[in-house]
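J.: Below you'll find the structure I mean.
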Amino acid sequence: MDGAPSRVLHIRKLPGEVTETEVIALGLPFGKVTNILMLKGKSQAFLELATEEAAITMVNYYSAVTPHLRNQPIYIQYSNHKELKTDSTLNQARAQAVLQAVTAVQATNAPISGTTVSESAVTPAQSPVLRIIIDNMYYPVTLDVLHQIFSKFGAVLKIITFTKNNQFQALLQFGDPVNAQQAKLALDGQNIYNACCTLRIDFSKLVNLNVKYNNDKSRDYTRPDLPSGDGQPALDPAIAAAFAKETSLLGMLFQEFNLIFTGALSPLAIPNAAAAAAAAAAGRVGMPGVSAGGNTVLLVSNLNEEMVTPQSLFTLFGVYGDVQRVKILYNKKDSALIQMADGNQSQLAMSHLNGQKMYGKIIRVTLSKHQTVQLPREGLDDQGLTKDFGNSPLHRFKKPGSKNFQNIFPPSATLHLSNIPPSVAEDDLRTLFANTGGTVKAFKFFQRDHKMALLQMSTVEEAIQALIDLHNYNLGENHHLRVSFSKSTI
(Lines give C-alpha, C1' and ligand atoms only; values in the text may rest on other atoms or scores of the structure.)
Protein backbone atom coordinates (compact mmCIF):
# COMPACT_ATOMS: atom_id res chain seq x y z
CA MET A 1 0.00 0.00 0.00
CA ASP A 2 1.24 3.48 -0.85
CA GLY A 3 2.18 6.05 1.76
CA ALA A 4 2.87 6.00 5.47
CA PRO A 5 0.12 4.67 7.73
CA SER A 6 -2.56 7.22 8.64
CA ARG A 7 -5.95 6.92 10.29
CA VAL A 8 -7.41 8.71 7.24
CA LEU A 9 -7.95 6.38 4.29
CA HIS A 10 -8.37 7.41 0.65
CA ILE A 11 -10.99 5.34 -1.24
CA ARG A 12 -11.04 5.46 -5.06
CA LYS A 13 -13.14 4.18 -7.98
CA LEU A 14 -16.45 4.39 -6.10
CA PRO A 15 -19.63 3.65 -8.12
CA GLY A 16 -21.59 6.82 -8.92
CA GLU A 17 -24.69 5.98 -6.86
CA VAL A 18 -22.89 4.75 -3.75
CA THR A 19 -24.15 6.13 -0.41
CA GLU A 20 -22.32 7.42 2.64
CA THR A 21 -23.71 4.48 4.60
CA GLU A 22 -22.04 1.96 2.31
CA VAL A 23 -18.66 3.70 2.58
CA ILE A 24 -18.92 3.95 6.37
CA ALA A 25 -19.86 0.25 6.51
CA LEU A 26 -16.46 -0.65 5.03
CA GLY A 27 -14.77 0.70 8.15
CA LEU A 28 -17.21 -0.33 10.89
CA PRO A 29 -15.89 -3.87 11.52
CA PHE A 30 -12.43 -2.50 12.27
CA GLY A 31 -13.28 0.21 14.79
CA LYS A 32 -15.01 3.53 15.24
CA VAL A 33 -15.41 5.68 12.11
CA THR A 34 -14.88 9.33 13.15
CA ASN A 35 -15.32 11.27 9.91
CA ILE A 36 -16.13 10.95 6.20
CA LEU A 37 -15.69 13.21 3.20
CA MET A 38 -17.46 12.20 -0.02
CA LEU A 39 -16.12 13.52 -3.35
CA LYS A 40 -18.86 12.15 -5.57
CA GLY A 41 -17.72 14.08 -8.66
CA LYS A 42 -14.35 12.33 -8.45
CA SER A 43 -15.79 8.92 -7.38
CA GLN A 44 -13.64 9.17 -4.25
CA ALA A 45 -14.03 9.43 -0.48
CA PHE A 46 -11.89 9.95 2.60
CA LEU A 47 -12.71 7.86 5.68
CA GLU A 48 -11.23 8.68 9.08
CA LEU A 49 -10.98 6.01 11.78
CA ALA A 50 -10.50 6.67 15.49
CA THR A 51 -7.02 5.09 15.59
CA GLU A 52 -4.15 4.47 13.23
CA GLU A 53 -4.13 0.84 14.39
CA ALA A 54 -7.73 0.35 13.17
CA ALA A 55 -6.81 1.90 9.81
CA ILE A 56 -3.78 -0.42 9.45
CA THR A 57 -5.96 -3.46 10.20
CA MET A 58 -8.50 -2.32 7.62
CA VAL A 59 -5.87 -1.68 4.92
CA ASN A 60 -4.18 -5.04 5.62
CA TYR A 61 -7.48 -6.85 5.38
CA TYR A 62 -8.62 -5.20 2.15
CA SER A 63 -5.23 -5.77 0.52
CA ALA A 64 -5.95 -9.52 0.86
CA VAL A 65 -9.68 -9.35 0.03
CA THR A 66 -10.61 -6.82 -2.67
CA PRO A 67 -13.52 -4.75 -1.34
CA HIS A 68 -16.57 -4.31 -3.60
CA LEU A 69 -19.40 -1.82 -3.47
CA ARG A 70 -22.39 -2.51 -5.71
CA ASN A 71 -20.44 -5.32 -7.37
CA GLN A 72 -17.62 -2.96 -8.39
CA PRO A 73 -14.06 -3.31 -7.02
CA ILE A 74 -12.80 -0.25 -5.13
CA TYR A 75 -9.32 0.74 -3.95
CA ILE A 76 -8.23 1.76 -0.46
CA GLN A 77 -4.90 3.32 0.53
CA TYR A 78 -3.49 5.53 3.28
CA SER A 79 -4.13 9.25 2.79
CA ASN A 80 -1.54 12.01 3.13
CA HIS A 81 -3.91 13.67 5.60
CA LYS A 82 -3.45 12.88 9.29
CA GLU A 83 -7.00 14.01 10.09
CA LEU A 84 -10.06 15.13 8.15
CA LYS A 85 -11.46 18.63 8.34
CA THR A 86 -14.98 18.83 6.92
CA ASP A 87 -17.14 21.91 6.53
CA SER A 88 -20.88 22.12 7.13
CA THR A 89 -21.92 22.82 3.54
CA LEU A 90 -25.05 21.13 2.28
CA ASN A 91 -23.29 18.35 0.42
CA GLN A 92 -21.56 17.29 3.64
CA ALA A 93 -24.62 17.69 5.89
CA ARG A 94 -26.14 14.34 4.93
CA ALA A 95 -22.81 12.54 5.35
CA GLN A 96 -22.36 14.02 8.82
CA ALA A 97 -25.94 13.12 9.86
CA VAL A 98 -25.45 9.52 8.74
CA LEU A 99 -22.06 9.36 10.46
CA GLN A 100 -23.44 10.71 13.73
CA ALA A 101 -26.26 8.19 13.77
CA VAL A 102 -23.99 5.25 12.93
CA THR A 103 -21.09 6.08 15.22
CA ALA A 104 -23.36 6.79 18.16
CA VAL A 105 -24.84 3.35 17.70
CA GLN A 106 -21.42 1.81 17.31
CA ALA A 107 -19.78 3.57 20.23
CA THR A 108 -22.39 2.61 22.80
CA ASN A 109 -24.08 -0.38 21.17
CA ALA A 110 -26.97 0.65 23.36
CA PRO A 111 -30.10 2.80 23.03
CA ILE A 112 -29.14 6.21 21.68
CA SER A 113 -29.74 9.19 23.91
CA GLY A 114 -31.82 12.07 22.62
CA THR A 115 -28.80 14.30 22.05
CA THR A 116 -26.82 11.99 19.79
CA VAL A 117 -28.11 13.12 16.42
CA SER A 118 -27.89 16.87 15.73
CA GLU A 119 -30.81 18.65 17.39
CA SER A 120 -32.04 20.14 14.12
CA ALA A 121 -32.65 16.63 12.82
CA VAL A 122 -34.74 15.50 15.79
CA THR A 123 -38.32 16.65 16.00
CA PRO A 124 -40.70 15.21 18.57
CA ALA A 125 -41.49 11.64 17.49
CA GLN A 126 -45.15 10.83 17.06
CA SER A 127 -45.03 7.14 17.93
CA PRO A 128 -42.61 4.42 19.07
CA VAL A 129 -44.04 2.24 16.24
CA LEU A 130 -42.55 2.36 12.75
CA ARG A 131 -44.23 1.11 9.59
CA ILE A 132 -41.60 -0.44 7.31
CA ILE A 133 -42.10 -1.30 3.62
CA ILE A 134 -39.40 -3.23 1.76
CA ASP A 135 -39.13 -2.15 -1.90
CA ASN A 136 -37.27 -4.11 -4.59
CA MET A 137 -37.21 -7.22 -2.41
CA TYR A 138 -34.82 -9.35 -4.43
CA TYR A 139 -33.65 -11.38 -1.41
CA PRO A 140 -35.91 -12.61 1.40
CA VAL A 141 -35.94 -10.40 4.51
CA THR A 142 -36.72 -12.16 7.78
CA LEU A 143 -38.06 -10.86 11.05
CA ASP A 144 -34.63 -11.63 12.59
CA VAL A 145 -32.84 -9.48 10.00
CA LEU A 146 -35.13 -6.54 10.84
CA HIS A 147 -34.56 -7.05 14.57
CA GLN A 148 -30.80 -7.17 14.05
CA ILE A 149 -30.74 -3.89 12.09
CA PHE A 150 -33.22 -1.87 14.15
CA SER A 151 -32.09 -3.01 17.61
CA LYS A 152 -28.86 -1.02 17.06
CA PHE A 153 -30.99 2.09 17.69
CA GLY A 154 -32.60 0.96 20.95
CA ALA A 155 -34.68 -1.79 22.52
CA VAL A 156 -37.04 -3.37 19.95
CA LEU A 157 -40.06 -4.66 21.87
CA LYS A 158 -42.29 -6.15 19.17
CA ILE A 159 -42.34 -6.86 15.42
CA ILE A 160 -45.23 -7.96 13.20
CA THR A 161 -44.54 -8.80 9.53
CA PHE A 162 -47.16 -9.20 6.79
CA THR A 163 -47.71 -8.87 3.04
CA LYS A 164 -50.04 -6.14 1.77
CA ASN A 165 -50.56 -5.06 -1.85
CA ASN A 166 -47.92 -7.66 -2.81
CA GLN A 167 -45.35 -5.88 -0.64
CA PHE A 168 -43.53 -7.21 2.41
CA GLN A 169 -44.23 -4.86 5.33
CA ALA A 170 -43.54 -4.76 9.04
CA LEU A 171 -44.66 -2.88 12.14
CA LEU A 172 -41.85 -2.48 14.65
CA GLN A 173 -42.22 -1.07 18.17
CA PHE A 174 -39.35 0.53 20.08
CA GLY A 175 -39.32 1.08 23.83
CA ASP A 176 -38.85 4.82 23.26
CA PRO A 177 -40.22 7.09 20.49
CA VAL A 178 -36.81 8.84 20.28
CA ASN A 179 -35.21 5.56 19.17
CA ALA A 180 -37.91 5.17 16.50
CA GLN A 181 -37.16 8.72 15.33
CA GLN A 182 -33.43 8.01 15.07
CA ALA A 183 -33.88 4.66 13.32
CA LYS A 184 -36.15 6.35 10.76
CA LEU A 185 -33.64 9.17 10.25
CA ALA A 186 -30.71 6.83 9.69
CA LEU A 187 -32.38 3.97 7.80
CA ASP A 188 -35.16 5.42 5.63
CA GLY A 189 -34.16 4.95 1.99
CA GLN A 190 -31.20 2.68 2.79
CA ASN A 191 -30.72 -0.78 1.23
CA ILE A 192 -30.45 -3.84 3.48
CA TYR A 193 -28.53 -5.75 0.81
CA ASN A 194 -26.52 -4.38 -2.09
CA ALA A 195 -28.74 -2.38 -4.45
CA CYS A 196 -31.99 -4.00 -3.28
CA CYS A 197 -34.37 -4.50 -0.33
CA THR A 198 -34.81 -0.74 0.17
CA LEU A 199 -36.30 0.38 3.51
CA ARG A 200 -39.22 2.84 3.34
CA ILE A 201 -40.02 3.96 6.88
CA ASP A 202 -42.89 6.03 8.34
CA PHE A 203 -44.37 6.46 11.77
CA SER A 204 -47.40 4.25 12.39
CA LYS A 205 -50.64 5.68 13.75
CA LEU A 206 -50.54 2.84 16.30
CA VAL A 207 -48.71 3.45 19.56
CA ASN A 208 -48.75 -0.15 20.80
CA LEU A 209 -48.68 -3.49 18.95
CA ASN A 210 -50.70 -6.48 20.08
CA VAL A 211 -48.68 -9.64 19.33
CA LYS A 212 -50.45 -12.96 19.89
CA TYR A 213 -47.79 -15.42 18.68
CA ASN A 214 -44.00 -15.71 18.68
CA ASN A 215 -43.01 -17.22 15.34
CA ASP A 216 -41.30 -16.22 12.10
CA LYS A 217 -44.09 -13.71 11.28
CA SER A 218 -44.47 -11.89 14.60
CA ARG A 219 -42.65 -11.65 17.89
CA ASP A 220 -43.01 -9.95 21.27
CA TYR A 221 -39.51 -9.83 22.76
CA THR A 222 -40.94 -8.92 26.17
CA ARG A 223 -43.07 -12.13 26.27
CA PRO A 224 -40.98 -15.23 25.45
CA ASP A 225 -43.84 -17.32 26.90
CA LEU A 226 -46.24 -16.64 23.98
CA PRO A 227 -47.32 -19.68 21.91
CA SER A 228 -46.02 -20.10 18.37
CA GLY A 229 -49.57 -20.47 17.06
CA ASP A 230 -48.79 -22.56 13.99
CA GLY A 231 -47.16 -25.72 15.29
CA GLN A 232 -43.68 -24.22 15.02
CA PRO A 233 -41.50 -23.81 18.09
CA ALA A 234 -40.94 -20.18 18.99
CA LEU A 235 -37.35 -19.03 18.70
CA ASP A 236 -35.62 -19.41 22.03
CA PRO A 237 -34.55 -15.87 23.11
CA ALA A 238 -31.18 -17.22 24.28
CA ILE A 239 -30.53 -18.68 20.84
CA ALA A 240 -31.69 -15.44 19.24
CA ALA A 241 -29.23 -13.49 21.40
CA ALA A 242 -26.41 -15.88 20.55
CA PHE A 243 -27.14 -15.51 16.87
CA ALA A 244 -27.31 -11.74 17.03
CA LYS A 245 -23.73 -11.83 18.36
CA GLU A 246 -22.48 -14.50 16.00
CA THR A 247 -23.89 -13.04 12.82
CA SER A 248 -23.59 -9.34 13.59
CA LEU A 249 -20.81 -9.22 10.99
CA LEU A 250 -22.51 -11.47 8.46
CA GLY A 251 -21.92 -9.85 5.16
CA MET A 252 -20.56 -6.54 6.37
CA LEU A 253 -17.33 -7.35 4.54
CA PHE A 254 -18.71 -9.28 1.61
CA GLN A 255 -20.58 -7.54 -1.13
CA GLU A 256 -23.29 -10.16 -1.55
CA PHE A 257 -24.50 -9.91 2.06
CA ASN A 258 -23.89 -6.25 2.72
CA LEU A 259 -26.10 -5.77 5.78
CA ILE A 260 -26.00 -2.19 6.93
CA PHE A 261 -25.35 -1.07 10.49
CA THR A 262 -24.67 -4.57 11.77
CA GLY A 263 -22.44 -3.42 14.57
CA ALA A 264 -18.77 -3.21 15.34
CA LEU A 265 -16.37 -5.99 16.12
CA SER A 266 -15.13 -6.03 19.68
CA PRO A 267 -11.37 -5.41 19.73
CA LEU A 268 -9.43 -8.64 20.12
CA ALA A 269 -6.12 -9.02 21.83
CA ILE A 270 -4.30 -10.65 18.93
CA PRO A 271 -2.93 -8.30 16.25
CA ASN A 272 -4.94 -7.97 13.04
CA ALA A 273 -7.55 -10.33 14.48
CA ALA A 274 -10.50 -8.12 13.61
CA ALA A 275 -10.46 -8.98 9.93
CA ALA A 276 -9.91 -12.70 10.49
CA ALA A 277 -12.68 -12.87 13.08
CA ALA A 278 -14.99 -10.93 10.77
CA ALA A 279 -14.35 -13.39 7.97
CA ALA A 280 -14.84 -16.32 10.33
CA ALA A 281 -18.12 -14.85 11.56
CA ALA A 282 -19.31 -14.68 7.99
CA GLY A 283 -18.64 -18.40 7.66
CA ARG A 284 -15.95 -17.93 5.03
CA VAL A 285 -12.81 -19.21 6.75
CA GLY A 286 -11.97 -21.52 9.61
CA MET A 287 -10.09 -19.77 12.39
CA PRO A 288 -8.66 -21.55 15.43
CA GLY A 289 -10.28 -20.36 18.62
CA VAL A 290 -13.31 -18.78 16.93
CA SER A 291 -16.28 -21.06 17.46
CA ALA A 292 -19.17 -21.04 15.03
CA GLY A 293 -21.66 -21.05 17.91
CA GLY A 294 -25.42 -20.96 17.65
CA ASN A 295 -27.90 -23.67 16.83
CA THR A 296 -27.03 -25.96 13.93
CA VAL A 297 -30.51 -27.49 13.47
CA LEU A 298 -33.15 -25.92 11.21
CA LEU A 299 -36.88 -26.62 11.12
CA VAL A 300 -38.23 -26.52 7.56
CA SER A 301 -42.01 -26.49 7.18
CA ASN A 302 -44.70 -26.20 4.48
CA LEU A 303 -42.85 -28.75 2.34
CA ASN A 304 -44.59 -30.60 -0.51
CA GLU A 305 -44.81 -33.98 1.26
CA GLU A 306 -45.58 -35.85 -1.98
CA MET A 307 -42.28 -34.75 -3.53
CA VAL A 308 -39.74 -33.96 -0.84
CA THR A 309 -36.97 -36.45 0.08
CA PRO A 310 -33.96 -36.24 2.44
CA GLN A 311 -31.76 -36.20 -0.67
CA SER A 312 -33.52 -33.17 -2.23
CA LEU A 313 -33.20 -31.22 1.05
CA PHE A 314 -29.55 -32.26 1.34
CA THR A 315 -28.83 -30.94 -2.17
CA LEU A 316 -30.63 -27.59 -1.77
CA PHE A 317 -29.44 -26.77 1.77
CA GLY A 318 -25.98 -28.06 0.79
CA VAL A 319 -25.55 -24.89 -1.30
CA TYR A 320 -25.15 -22.96 1.99
CA GLY A 321 -23.28 -25.44 4.17
CA ASP A 322 -22.41 -29.06 4.79
CA VAL A 323 -25.65 -30.85 5.71
CA GLN A 324 -24.97 -33.55 8.33
CA ARG A 325 -28.42 -35.11 8.81
CA VAL A 326 -31.96 -34.73 7.47
CA LYS A 327 -35.11 -36.02 9.16
CA ILE A 328 -38.58 -35.69 7.59
CA LEU A 329 -41.00 -35.80 10.55
CA TYR A 330 -42.95 -39.07 10.68
CA ASN A 331 -46.21 -37.54 11.97
CA LYS A 332 -45.89 -34.30 9.98
CA LYS A 333 -44.36 -35.10 6.62
CA ASP A 334 -44.54 -31.48 5.42
CA SER A 335 -41.83 -30.62 7.97
CA ALA A 336 -38.20 -31.65 8.34
CA LEU A 337 -35.22 -31.11 10.62
CA ILE A 338 -31.88 -30.34 8.94
CA GLN A 339 -28.60 -30.38 10.86
CA MET A 340 -25.82 -28.20 9.40
CA ALA A 341 -22.10 -28.37 10.24
CA ASP A 342 -22.13 -25.15 12.30
CA GLY A 343 -24.29 -22.23 13.40
CA ASN A 344 -23.04 -19.87 10.69
CA GLN A 345 -24.10 -22.32 7.98
CA SER A 346 -27.58 -22.77 9.49
CA GLN A 347 -27.98 -18.98 9.70
CA LEU A 348 -26.84 -18.60 6.09
CA ALA A 349 -29.23 -21.31 4.85
CA MET A 350 -32.12 -19.81 6.83
CA SER A 351 -31.56 -16.27 5.52
CA HIS A 352 -31.39 -17.43 1.90
CA LEU A 353 -34.00 -20.21 1.75
CA ASN A 354 -36.80 -19.00 4.03
CA GLY A 355 -39.67 -17.90 1.75
CA GLN A 356 -38.34 -19.64 -1.38
CA LYS A 357 -40.51 -21.97 -3.49
CA MET A 358 -39.66 -25.68 -3.59
CA TYR A 359 -41.92 -28.16 -5.43
CA GLY A 360 -44.61 -25.47 -5.76
CA LYS A 361 -44.80 -24.54 -2.06
CA ILE A 362 -43.26 -21.57 -0.22
CA ILE A 363 -41.07 -23.14 2.44
CA ARG A 364 -40.50 -21.70 5.90
CA VAL A 365 -37.08 -22.07 7.54
CA THR A 366 -36.54 -21.28 11.23
CA LEU A 367 -34.13 -22.38 13.94
CA SER A 368 -35.21 -25.56 15.68
CA LYS A 369 -35.33 -26.03 19.45
CA HIS A 370 -33.46 -29.32 18.89
CA GLN A 371 -29.68 -29.28 19.23
CA THR A 372 -29.13 -32.38 17.09
CA VAL A 373 -31.05 -34.66 14.70
CA GLN A 374 -31.43 -38.13 16.23
CA LEU A 375 -30.89 -41.15 13.99
CA PRO A 376 -33.45 -43.99 14.25
CA ARG A 377 -32.63 -46.79 16.69
CA GLU A 378 -30.71 -49.75 15.28
CA GLY A 379 -33.04 -52.11 13.41
CA LEU A 380 -35.93 -49.62 13.34
CA ASP A 381 -37.29 -48.91 9.84
CA ASP A 382 -38.35 -45.28 9.53
CA GLN A 383 -39.21 -45.64 5.80
CA GLY A 384 -36.11 -43.72 4.72
CA LEU A 385 -37.29 -40.46 6.35
CA THR A 386 -33.99 -39.94 8.22
CA LYS A 387 -30.64 -39.89 6.50
CA ASP A 388 -27.10 -39.35 7.77
CA PHE A 389 -24.97 -37.35 5.30
CA GLY A 390 -22.02 -36.88 7.68
CA ASN A 391 -19.55 -38.66 5.38
CA SER A 392 -21.04 -37.50 2.06
CA PRO A 393 -18.45 -36.86 -0.68
CA LEU A 394 -20.78 -34.10 -1.97
CA HIS A 395 -20.10 -31.59 0.83
CA ARG A 396 -19.09 -28.29 -0.80
CA PHE A 397 -17.25 -26.73 2.17
CA LYS A 398 -15.06 -29.46 3.63
CA LYS A 399 -11.83 -27.92 2.25
CA PRO A 400 -10.79 -24.83 4.26
CA GLY A 401 -10.33 -21.81 1.99
CA SER A 402 -12.22 -23.52 -0.86
CA LYS A 403 -13.41 -21.21 -3.66
CA ASN A 404 -16.95 -22.35 -2.83
CA PHE A 405 -16.88 -20.04 0.20
CA GLN A 406 -16.63 -17.05 -2.15
CA ASN A 407 -19.53 -18.22 -4.33
CA ILE A 408 -22.44 -18.35 -1.92
CA PHE A 409 -25.31 -16.42 -3.47
CA PRO A 410 -29.06 -16.27 -2.90
CA PRO A 411 -31.31 -18.46 -5.05
CA SER A 412 -31.57 -16.88 -8.50
CA ALA A 413 -32.93 -17.86 -11.92
CA THR A 414 -29.36 -18.00 -13.29
CA LEU A 415 -27.30 -21.10 -12.47
CA HIS A 416 -23.53 -21.51 -12.61
CA LEU A 417 -22.53 -24.87 -14.14
CA SER A 418 -19.05 -26.34 -13.88
CA ASN A 419 -17.15 -29.59 -14.54
CA ILE A 420 -18.63 -29.90 -18.06
CA PRO A 421 -16.73 -32.41 -20.26
CA PRO A 422 -15.56 -31.26 -23.74
CA SER A 423 -17.97 -33.61 -25.53
CA VAL A 424 -21.11 -31.97 -24.04
CA ALA A 425 -22.56 -29.16 -26.20
CA GLU A 426 -24.94 -26.28 -25.43
CA ASP A 427 -27.93 -28.16 -26.88
CA ASP A 428 -27.25 -31.17 -24.63
CA LEU A 429 -27.33 -28.97 -21.53
CA ARG A 430 -30.39 -26.99 -22.67
CA THR A 431 -32.27 -30.29 -23.20
CA LEU A 432 -31.10 -31.71 -19.88
CA PHE A 433 -32.31 -28.64 -17.94
CA ALA A 434 -35.59 -28.33 -19.90
CA ASN A 435 -36.35 -31.90 -18.79
CA THR A 436 -36.54 -30.72 -15.15
CA GLY A 437 -39.88 -29.13 -16.04
CA GLY A 438 -38.84 -25.52 -16.59
CA THR A 439 -37.94 -23.27 -19.51
CA VAL A 440 -34.33 -22.48 -20.39
CA LYS A 441 -34.27 -18.76 -21.22
CA ALA A 442 -30.56 -18.27 -21.96
CA PHE A 443 -27.23 -20.09 -22.01
CA LYS A 444 -23.61 -18.97 -22.24
CA PHE A 445 -20.33 -20.89 -22.03
CA PHE A 446 -17.49 -19.05 -20.26
CA GLN A 447 -15.26 -17.57 -22.94
CA ARG A 448 -11.97 -18.81 -21.54
CA ASP A 449 -13.17 -22.08 -20.07
CA HIS A 450 -15.78 -24.32 -21.69
CA LYS A 451 -15.89 -26.43 -18.53
CA MET A 452 -18.14 -23.69 -17.09
CA ALA A 453 -21.35 -22.02 -18.23
CA LEU A 454 -24.25 -19.84 -17.10
CA LEU A 455 -27.77 -21.13 -17.71
CA GLN A 456 -30.88 -19.08 -16.99
CA MET A 457 -34.27 -20.61 -16.18
CA SER A 458 -37.43 -18.52 -16.40
CA THR A 459 -38.04 -18.37 -12.61
CA VAL A 460 -36.09 -18.83 -9.38
CA GLU A 461 -38.37 -21.79 -8.51
CA GLU A 462 -37.43 -23.54 -11.76
CA ALA A 463 -33.74 -22.92 -11.04
CA ILE A 464 -34.11 -24.40 -7.53
CA GLN A 465 -35.80 -27.46 -9.06
CA ALA A 466 -33.04 -27.83 -11.68
CA LEU A 467 -30.30 -27.54 -9.06
CA ILE A 468 -31.93 -30.23 -6.91
CA ASP A 469 -32.34 -32.56 -9.91
CA LEU A 470 -29.02 -32.01 -11.67
CA HIS A 471 -26.30 -31.12 -9.15
CA ASN A 472 -23.85 -34.06 -9.29
CA TYR A 473 -25.54 -35.41 -12.47
CA ASN A 474 -23.21 -37.82 -14.34
CA LEU A 475 -22.40 -36.30 -17.74
CA GLY A 476 -20.10 -39.20 -18.68
CA GLU A 477 -16.31 -39.35 -18.94
CA ASN A 478 -16.27 -39.37 -15.11
CA HIS A 479 -17.57 -35.78 -15.04
CA HIS A 480 -20.27 -35.00 -12.46
CA LEU A 481 -22.00 -31.66 -13.12
CA ARG A 482 -21.70 -29.03 -10.38
CA VAL A 483 -24.60 -26.58 -10.11
CA SER A 484 -24.70 -23.38 -7.99
CA PHE A 485 -26.74 -20.17 -7.95
CA SER A 486 -25.07 -17.29 -9.79
CA LYS A 487 -25.06 -13.56 -9.00
CA SER A 488 -24.82 -12.81 -12.74
CA THR A 489 -27.53 -12.63 -15.37
CA ILE A 490 -27.05 -13.47 -19.04
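The values are calculated or read from the model by the stated rules, or taken from the named source; none is laboratory data. Computed from a predicted model, the values in this text were never measured in an experiment. We place every Cβ from the backbone using ideal geometry, glycine too, and count neighbours over all the protein chains shown. The protein model used for the area step is the full one, side chains on, heavy atoms only, and it has no ligands, DNA or RNA in it. Shrake-Rupley method; radii C 1.70, N 1.55, O 1.52, S 1.80 Å.
J.: Exactly one condition in (1) over 23 Å from the mean Cα position of the chain (by Cα); (2) under 21 Å from Q347 (Cα atoms) is not met by S418; state its number.
T.: (2)
J.: Looking at region 448-484, which of its residues are aliphatic (A, V, I, L, M), open to solvent by 40 Å² or more (accessible area, probe 1.4 Å) and within 19 Å of H352 (Cβ to Cβ)?
T.: Scanning region 448-484 gives a single hit, V460.
J.: Let me ask something else about it. Return the only residue of L28, L9 being crowded, with 16+ Cβ neighbours inside 10 Å, touching a helix residue (DSSP H, G or I) at 6+ places or on another chain (Cβ under 7 Å) and over 23 Å from I149 (Cβ atoms).
T.: L9
J.: On to the next question. Just one of the numbered conditions (1) surrounded by fewer than 14 Cβ atoms within 10 Å (Cβ to Cβ); (2) closer than 30 Å to C197 by Cα is not true of K399; which one?
T.: Just one mismatch for K399, condition (2).
J.: Picking from Q356, Q347, which residue would you name as being within 17 Å of V460 (Cα to Cα) and either buried (at least 21 other Cβ atoms within 10 Å of the Cβ) or of a type outside the set (A, V, I, L, M, F, W, C) (or both)?
T.: Q356
J.: Considering only residues that are loosely packed, with under 14 Cβ neighbours inside 10 Å and closer than 19 Å to H480 by Cα, which ones fall in region 364-396?
T.: N391, P393
J.: Please give the number of the condition E477 fails out of (1) farther than 30 Å from L329 by Cβ; (2) of a type in the set (D, E); (3) part of a helix (DSSP H, G or I).
T.: (3)
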